[in-house]
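Presented below is the structure to which this report refers.
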Number of protein chains: 4
Amino acid sequence: MNSFGRLFRVTLFGESHGPGVGVSIDGVLPGIALTEADFLPDLERRKGGLQKGTTPRKEDDYPLLKSGVFNGHTTGAPLTVFFENNNVRSADYEKQRAIPRPGHADWVAHYKYGGFEDYRGSGHFSARLTVGIVAAGVVAKKILQGITINALLTEVGGEADIEKGLQKAIDAKDSVGGLISCRVEGLPAGLGEPFWDSVESLIAHAMFAIPAVKGVEFGAGFRAAVMMGSEHNDALEDNSGKTRTNHAGGIVGGIANGNPLVFRIAIKPTASTPKMQQSLNWETGAQEAFSVKGRHDLCVALRAPVIVEAMTALVLADLLLISRSLCPV
Amino acid sequence: MNSFGRLFRVTLFGESHGPGVGVSIDGVLPGIALTEADFLPDLERRKGGLQKGTTPRKEDDYPLLKSGVFNGHTTGAPLTVFFENNNVRSADYEKQRAIPRPGHADWVAHYKYGGFEDYRGSGHFSARLTVGIVAAGVVAKKILQGITINALLTEVGGEADIEKGLQKAIDAKDSVGGLISCRVEGLPAGLGEPFWDSVESLIAHAMFAIPAVKGVEFGAGFRAAVMMGSEHNDALEDNSGKTRTNHAGGIVGGIANGNPLVFRIAIKPTASTPKMQQSLNWETGAQEAFSVKGRHDLCVALRAPVIVEAMTALVLADLLLISRSLCPV
Amino acid sequence: MNSFGRLFRVTLFGESHGPGVGVSIDGVLPGIALTEADFLPDLERRKGGLQKGTTPRKEDDYPLLKSGVFNGHTTGAPLTVFFENNNVRSADYEKQRAIPRPGHADWVAHYKYGGFEDYRGSGHFSARLTVGIVAAGVVAKKILQGITINALLTEVGGEADIEKGLQKAIDAKDSVGGLISCRVEGLPAGLGEPFWDSVESLIAHAMFAIPAVKGVEFGAGFRAAVMMGSEHNDALEDNSGKTRTNHAGGIVGGIANGNPLVFRIAIKPTASTPKMQQSLNWETGAQEAFSVKGRHDLCVALRAPVIVEAMTALVLADLLLISRSLCPV
Amino acid sequence: MNSFGRLFRVTLFGESHGPGVGVSIDGVLPGIALTEADFLPDLERRKGGLQKGTTPRKEDDYPLLKSGVFNGHTTGAPLTVFFENNNVRSADYEKQRAIPRPGHADWVAHYKYGGFEDYRGSGHFSARLTVGIVAAGVVAKKILQGITINALLTEVGGEADIEKGLQKAIDAKDSVGGLISCRVEGLPAGLGEPFWDSVESLIAHAMFAIPAVKGVEFGAGFRAAVMMGSEHNDALEDNSGKTRTNHAGGIVGGIANGNPLVFRIAIKPTASTPKMQQSLNWETGAQEAFSVKGRHDLCVALRAPVIVEAMTALVLADLLLISRSLCPV
């Protein structure tokens, strides 16, 4: 439930307005050089407040290493990173407690947890939790020597010119979504398992764990559904597994085939739009006009690439470790 | 690796041209009325040879109940269903052993398993394994009382008129893919977990375990990326969780919100196209003209809806069982 | 629930008087030479009817390889072994359905599964299921190159002279238990994890999954509780990890230390004693005099050593695979 | 690896002389009243420095609730408790780095983690980690309404008079072990699963995860091996499952039978004896006379009962949650 992975295993915890959020990682190889500074570049990429369209909330996002690191190296014991919440304005949320924000988890959380959920700033459902995912990704990337993962925002609000897409949202006083492409180079062939633990299954599992992701496709993806077999099939070039085209996105039969892993994800527009909306007041049963309080991104997709990379890294680090064990005798 | 699910847990095994394929299911509640006949309708839906575009291989697909059923009811012990392979023509595959079929798992299987893979008819990678998934789905559906799951083929080869899409492939002597829509009604709100075990994560995990699936989207899916927040957000109508629109596809914050669960998947064209293709001969290193032998579907998407339903049922049965445990005190 | 292991993962199914019992094993390395004949020696050791004190029921116990083996080698796909039940006399059990046999799982199975359990010959609770464990052990032992596992019956009915212990039971027309010692040589140091996955935790977990095991101790075991620290501590001899004594039984801090792994288990007397006993008739609520029907061992401990070895092999194969992944960078 | 449990799942992390130790718990039902004060009684029981034979190191052991609690109740989100290390004297350990302490994990940790282990105060292997186990136990006990768990120290250094056993150690300037009995009343029948997840398997798994435990037995335990079947079998008294005797210790066929769950564990003497010992200097290869520095218990068994209770509670809470799901239809 709050953990993911078989050997490289990530456990998330925390709430948006509680003491902080964190991650504990199991299966970290001993001897990896690692300091707090190593986390900062990716954490910086995830941070809000730096470009138009991101939230003015600025957490320090400083990674406190609580376990698993000693003398600047991983020890092999569980590695825990904690981020304190220092910049919290819960009062924004208290006021509108009985009015679930459209597009947010407020209503389902209230229903599922019987009213005991921490509702401040989406509580445990907050995208604040992704800071722990990014931290885990930093560790995973260190295991993936020679493998590069690059996620790029390719479209915002339907525009390939991202600035233009954002401006559209600003002009409309609304929020927008976007598309992200991820490409992994240097991935060894053979990772993944047939059926349940196909590379696609695990990557998609991780991607849909990112708040706001609503679609995932590999290689030609949805376009594959309109291609002919002779057009879609990737012809092998040589014994390294290299193919002439890469419609498969680097995965056949669930297994990495040595070509770049390529996939694309759709991010819905930020649920917290500045627009006036209608919602239900669950105490009165009445519909009410409603405007979201709090500090939010116009486009969460802006901050998502580094999270997509981190998630990809978690999955691949796990598969890489497993492949060391389950190789032919 | 060959298992999926937390409480309702499905283990697959078998090969296309070995003794048979099977499934063992854990977490089956005792007392469910179940006979071999209950499996036949869904198995029939999955079967080839019945309409144009499906393989002429006709297995009896008769479900042999090897464990977990007694006196016409489930016992609570692991339930195993086995399907014998009676209609096997392995010689077709022996001949072209050194030439991996484009779009198939031949090369990755050979690489991953060091040449020890059972290559006949794709071995363990064969879609024949999905007969076990369908069987598990039959059991899962029995647990999902009052919940209906319907998967429909909505497009073949880019055509909403399915017959027309198939004819296109027949005319071109090629294979085609398709789109499948799945809709679940009656799903209780509250299923799923934030982050790792979001309903989307688990459904997508299962969908990408189906051979040939290359894309999955929920609700508005990829279209969400071009919507504005105020347009995408689903406004709550009443305390039952019902929303005016359902762009979220029934899931918010990873949790079922009481509205229909709606998702769509893309199926690539059958890798085994009748067209002449090029591939590598891994013994000689030469490129060779190549035509797929064996009996195959022109469009695997035709047989996929019942598999999609089964996979959906496995995930939801598991989540339903978990929700019985983890409800508020 | 019916599976055990992280990478080398064993799934059991079947009932005593159903179609058969089986095991499906995940995480089997490809390329291991394996035929049905390889299973026979260990299966023979487990078999009843060969010496005084074992059940006259003689199953052929022939291992049918249903998946995962091709051309005399493992393929890397899930390996399934099935054993048909050919020698079944269920009528013995039908008669006394309402009278749970003392010491057996009859009452708890009835209670837990709401009366839907397969009660014939203990159903899924039968020691017949251990044939699948032994089969899995055969595969595991092949992975454990250079590691030898020997389990010995050291005491029956309190007698180190096993024949004498058995005769005691025969004379008393009663059943007896016994003690088994297991010793593993050649185990590399470093296997196991601190806390949850200590070698002791995993071995004990597996041992207590064997029906009739009621105690497990490692090294000095219960005797350790009366030793002084200076007496119990094993002094290191050299950098290989070898210690002068081995009171720890080869495990310190949950981790194998390179010395022989040594443990001992207690097996209770066979619940099915020929003696007249009292039990409850759950239909009438009356106490009834009761004599066990069916064919049973006077001392199940006689057949247990090969099961103990198999269980040990499963755990160690899993730990060995994991250790290949989680070694220092 | 650092997690245990299926639904109620406990993740441990931390080191003896790092920033602190902690536990993150998944599967905590929402709505349980819980404050930091609730943890103090059990934490107090575990604490050293209070009676003769326990270590003079006094941590505040104050439980910092980092996630999962809001307004004095559990929220249903992962619950994390952190304990800062405030009272650390690492220099004691630095001095004797190259001389692994006999009976400790120093050598295996060094070997397993390639020299990257945090060696100060046993690092991640320290019994300090059990503070997190006790905290998790406090939460688990709240789920186990109407079930009482009592663990008692019944013997120290071979003496039923505990004071006398301790005095023996003090007089000998050595350390001693002990025996602990645990008894659970009010446990509903039906918990546990046949084979892998038998109650005995899970309890033993958890017990052997406690540092220094070297033996576990249920009911008659090792004595069962010398009993006759007619003597050992517990006769059913009535339809509630109550038996006349309880040699089975409340478990038959791996399933709780409604009688008290009874088991006993052996704790080895504290590895850190004040006595002069011999060990290897792994830098010089020479044997050296060696005396343990640092602050330690003469008898770790004194602090163990509350840890045994906690571990028992974790296992039973998990089984109780599972039983809510997997009950007959």
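The values are calculated or read from the model by the stated rules, or taken from the named source; none is laboratory data. On a predicted model such as this, the values are computed, not experimentally measured, just so you know. Every residue, glycine as well, gets a Cβ built from its backbone with ideal geometry; the counts of neighbours run over all protein chains shown. The accessibility values were calculated without ligands, DNA or RNA, using every heavy atom of the protein model including side chains. Shrake-Rupley method; radii C 1.70, N 1.55, O 1.52, S 1.80 Å.
Below are the figures for this structure:
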{"read-out": "Distances in nm from D:T245 to the matching label points in the other copies, shortest first (labels 7 Å along Cα to Cβ)", "value": "3.5, 7.3, 7.6"}
{"read-out": "Folded to 0 to 90 degrees: helix B:162-172 orientation relative to chain B principal axis, Cα", "value": "20 degrees"}
{"read-out": "Unsatisfied cross-links (Cα-Cα over 27 Å) in the set C:K268/D:K141; B:K142/B:K164; C:K242/D:K95; A:K268/B:K112", "value": "C:K268/D:K141; B:K142/B:K164; A:K268/B:K112"}
{"read-out": "16 Å Cα-Cα reach of D:K66 towards lysines, excluding residues that sit fewer than 8 places from it in its own chain", "value": "A:K66"}
{"read-out": "Residue mean of other protein chain beta carbons inside 10 Å, A:10-21", "value": "6"}
{"read-out": "7 Å along Cα→Cβ, label-point gaps from B:N150 to other copies, nm, shortest first", "value": "4.6, 6.1, 6.9"}
{"read-out": "Heavy-atom accessible area ranking, 1.4 Å probe, most first, across D:E44, D:E217", "value": "D:E44, D:E217"}
{"read-out": "Amide H contacts under 5 Å for C:S67, placed H, 5+ residues apart", "value": "C:T80"}
{"read-out": "Proximal aspartates and glutamates relative to A:K214, as straight alpha-carbon distance under 13 Å, when same-chain residues fewer than 8 apart are discounted", "value": "B:E200, B:E217"}
{"read-out": "Hits among lysines - C-alpha to C-alpha of D:K47 under 18 Å, sequence gap 8 or more where chains match", "value": "D:K58"}
{"read-out": "For B:G27, distant residues with modelled amide H under 5 Å away", "value": "B:R9"}
{"read-out": "C:K47 - accessible surface, heavy atoms, 1.4 Å probe, Å² rounded to 10", "value": "50 Å²"}
{"read-out": "Per residue accessible area of the protein assembly as shown, 1.4 Å probe, in Å²", "value": "30 Å²"}
{"read-out": "Rg [Å, one decimal], Dmax [Å, integer] - the range C:236-329, C-alpha atoms", "value": "22.4, 68"}
{"read-out": "Hz values of 3J(HN,Hα) by residue in the range A:177-190 - Karplus curve (6.51, -1.76, 1.60), Gly and Pro given as x", "value": "x, x, 10, 10, 10, 10, 9, 10, 10, x, 6, x, 5, x"}
{"read-out": "Residue mean of other protein chain beta carbons inside 10 Å, B:125-133", "value": "2"}
{"read-out": "Closest approach to the axis - chain C beta-carbon, rotation onto B, Å", "value": "C:T11, 2"}
{"read-out": "Threshold 50 Å² - residues in the range A:214-255 whose accessible area is reduced by that much or more when the chain is no longer isolated, probe 1.4 Å", "value": "A:K214, A:F222, A:A225, A:M228, A:S230, A:N233, A:L236, A:N239, A:V252"}
{"read-out": "Chains A and B, summed buried accessible surface - 1.4 Å probe, Å², nearest 100", "value": "8200 Å²"}
{"read-out": "Prolate/oblate/rounded label for the range A:70-172 (Cα gyration tensor, a/c 1.5)", "value": "oblate"}
{"read-out": "C:R183 - accessible surface, heavy atoms, 1.4 Å probe, Å² rounded to 10", "value": "110 Å²"}
{"read-out": "Point-charge dipole on Cβ atoms (K/R +1, D/E -1) for the range D:1-149, about Cα centre, debye to 20", "value": "360 debye"}
{"read-out": "Whole-Å distance, taken between Cα centres, linking the range B:103-122 and the range A:284-329", "value": "33 Å"}
{"read-out": "For C:Y111, solvent-accessible area (1.4 Å; no DNA, RNA or ligand), Å²", "value": "120 Å²"}
{"read-out": "Under Karplus coefficients 6.51, -1.76 and 1.60, residue-wise ³J(HN,Hα) of the range B:31-44 in Hz, glycine/proline x", "value": "x, 7, 5, 7, 10, 4, 4, 4, 7, 5, x, 5, 5, 5"}
{"read-out": "Apportionment of accessible area to carbon and sulfur, the protein assembly as shown, percent (1.4 Å)", "value": "52 percent"}
{"read-out": "Copies compared at C:K173 - label distances in nm, ascending, label defined 7 Å from Cα in the Cβ direction", "value": "6.4, 8.4, 9.6"}
{"read-out": "Residue-averaged 222 nm ellipticity for the protein assembly as shown, from DSSP H runs of 4+ at -39500 (n - 2.57), nearest 500", "value": "-7000 deg cm²/dmol"}
